[in-house]
Amino acid sequence: MERILLAAGAPLAERSLSMTPTAPVMPMFTGRSSAATAPARSAGGLRDDVTLLLPLAYHLVVAALLVVARYPVWRIAVVLVAGAALKGGCHLARARARSLCVNSTAEVYARFALFSQSTLLVTAGVTVAVTGGARSPLLPTLLAPYFATVVAAGDRLETRLLLAASALGAGALAVLPPGVTGPALPAGLHAVLLAVGVVGVGALLAPIMTGIRLRSEELARVREELAQDALTRARSLEQVGAKVAHELKNPLTGVKALVQLGLRNPAEAASRERLEVVEREVTRMQEILQNYLSFTRPLQAVSPSRVELGSLVSDALHVLSARADEARVRLFGRGDATVDADPRRLKEALLNLVANAIEATPPGGEVTVEVGASGDGAEIVVRDTGRGMPASTLSRIGTPFFTTREEGTGLGVVLARSVIAQHGGSLRYESEPGKGTRVRVALPRVAGGPDAPCAARR
């Protein structure tokens, strides 16, 4: 079976994602929406309004060139009317856009794009028809509606329908009689109008491109507001949770002390089994509260000193020896290395990792902690002979509150990863079903660094 390698842990910031509020309904930006209107017109707003005039400017330029060529007056008038109709269509599209929301579905926005570009297709077709039909130098503008819809909505049924309509329009132009298409244009003017037509594609696309840009800016603004609101809510809930956990610690300590006194009292021999159950459950509650408090409190700065990792591992294994004996799991420690690290924080991380390994190992199994020099630092490998993990479970290891054990809190790996990252190191899980799990901790020779505090929160 292929080995699975994964950098353990999801960012701590993800713990607030489940509390993200529903996006509010916001007007979609297309042109100048009410959300963007200010008492004083900004330079950006004026530029956007000028951009919306580019399609009309394109038709005026075409009409002026046709006047120079002494083209029939009624055909020039048709070009100007087409420009005015397109401008009116833009105003209708902007009015309809105000009824859309910034979080509208893709289907709704695709239908809106199809509606708004249908006017462009009709006006472009009429302009091409009266300036030569299939021989018109303005023929490239027939593709502008399709390009605009693809950019706005992607490759969807609506955009394909518009492409099919453009193809049908081009075919219809090819069979129009000369009385409709008009006289041929002089070669020089034909070349000039061809260049104008190519540039005109950009001019005709300008309004919808402006709308897309403004809509993207509005989406980014709303997303930022939602993220800030979610972060504020998460911090508030963390403070409340930490306060509750702290207030519960003292009563639990008193309860545990009374239970332990009862266990020592011969008169309570008949209730000894029940008192032992109570003591275990109180101890478990204390561990859960301690893990939660460690998770919610801000990371403290590391206080590095010279640490012999072999001795640190021995101390951690000694602390967990009673738990290992109860689970009938053998503990082994091998190797040594020296780094500059915070011994208290590093021991806390190691205790969490080894405790998890003990819980995952069946009776008669082994947990081995190996220490050794590695490159410009040291490596600690916690290896167990447990059942291993499938890829679906491995991908979630390190996610806050995710656990495969009924009595687990889902915070041990998160805390360990945070401490190791704060030292400038990394934590990686390797596991195969039926072949146990390996946790590789890489530590630099000197803890910390300019980015270490930030890395611990990523």
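The values are calculated or read from the model by the stated rules, or taken from the named source; none is laboratory data. Treat the numbers as computed from the prediction; the structure is a model and nothing was measured. Because the Cβ atoms are built from the backbone with ideal geometry, glycine has one as well, and the counts that use them run over all protein chains shown.
Structural remarks
- Subset of segment 151-162 (residues that are within 27 Å of the chain's Cα centre (by Cα) and surrounded by fewer than 17 Cβ atoms within 10 Å (Cβ to Cβ)): Val151, Gly154, Asp155
- The one condition in (1) crowded, with 16+ Cβ neighbours inside 10 Å; (2) within 30 Å of Thr105 (Cα to Cα); (3) modelled with pLDDT under 85 that Ala165 fails to fulfil: (3)
- Within this structure, Glu276 passes the test of being modelled with pLDDT under 85, farther than 26 Å from Pro433 by Cβ, loosely packed, with under 15 Cβ neighbours inside 10 Å and charged (D, E, K, R).
- Checked against the criterion of being hydrophobic (A, V, I, L, M, F, W, C), more than 28 Å from Leu219 (Cβ to Cβ) and either in contact with a Leu (Cβ under 6 Å, 6 or more places away or on another chain) or part of a helix (DSSP H, G or I) (or both), segment 136-151 has at least one qualifying residue.
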